[in-house]
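Taken together, the values in this text are just the output of simple stated rules run on the coordinates, not laboratory data. Small disclaimer: the values here were computed from a predicted structure and weren't measured. Don't worry about glycine lacking a Cβ; one is built from the backbone with ideal geometry, like all the others, and counts go over all protein chains shown.
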Amino acid sequence: MRKLKYYFYTLSFILIFAGCEKEEELLEGVWQRVIIEDINSNNTEEWHFIDGELIIKKINMSDPSDVDTMDTGIYVLKPVFENTYLAVDELKQEGYIGYNADWDVLTLNSEQMVISHDVYGGITKREFIKIE
């Protein structure tokens, strides 16, 4: 019976981390934010997830060569039972400080990502499409 428990725990451990590794591979790359609150905006954001570093860039849609790095920070994916959280930290710019949080990963595949987190008075939700 004790061996059976050991095998169960080992298999569970492997499955949890294998799943997280797959999600990390899906997350790596460049994601363009879909700004649903202002679909006519001339600006968009790109979130670059590269080896634990998050770089948020603002892109002028009428002149794509006009790029500003808005903030940089770190990230890690955290599996917790059936949920996955995107932990973002060390963002410093005023507009992004509120992004330092554990975001619920609602959708993550090779084409789209949807994340959200609770804030005072509601929920912040961000939607992205993968571009690289």
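Numbers for the structure displayed
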| read-out | value |
| --- | --- |
| PHE81-ASN100 pseudo-label distance in nm [points 7 Å out on the Cα-to-Cβ vector] | 2.9 nm |
| Cβ-Cβ FRET estimate between ASN43 and GLU90, R0 fixed at 41 Å, reported to 0.05 | 0.95 |
| Placed amide H near LEU91: partners under 5 Å, 5+ positions off or other chain | ILE74 |
| Using θ = phi - 60° and Karplus 6.51 cos²θ - 1.76 cosθ + 1.60, couplings along region 57-63 (whole Hz; Gly, Pro as x) | 10, 9, 10, 7, 5, 7, 9 |
| Spherically averaged projected area in nm², based on the convex hull that wraps the Cα atoms of region 40-110 | 5.9 nm² |
| Per-residue ³J(HN,Hα) for region 45-53, Karplus 6.51 cos²θ - 1.76 cosθ + 1.60, θ = phi - 60°, Hz, x for Gly and Pro | 10, 10, 10, 9, 9, 9, 6, x, 10 |
| Cα gyration tensor category, rounded, prolate or oblate, for region 25-81 with a/c compared to 1.5 | prolate |
| Two-site label geometry, GLU28 and ILE55: point separation in nm, points 7 Å out along Cα→Cβ | 1.6 nm |
| Semi-axis lengths, Å, region 71-115, gyration tensor of Cα atoms, sqrt of 5 times eigenvalues | 21, 12, 8 |
| Selected from GLY52, MET70, PHE81, residue furthest toward positive end of dipole (region 30-94; charges at beta carbon) | PHE81 |
| Net lengthening on full extension, VAL67/ASP118 (0.36 nm per residue, minus Cα-Cα) | 15.4 nm |
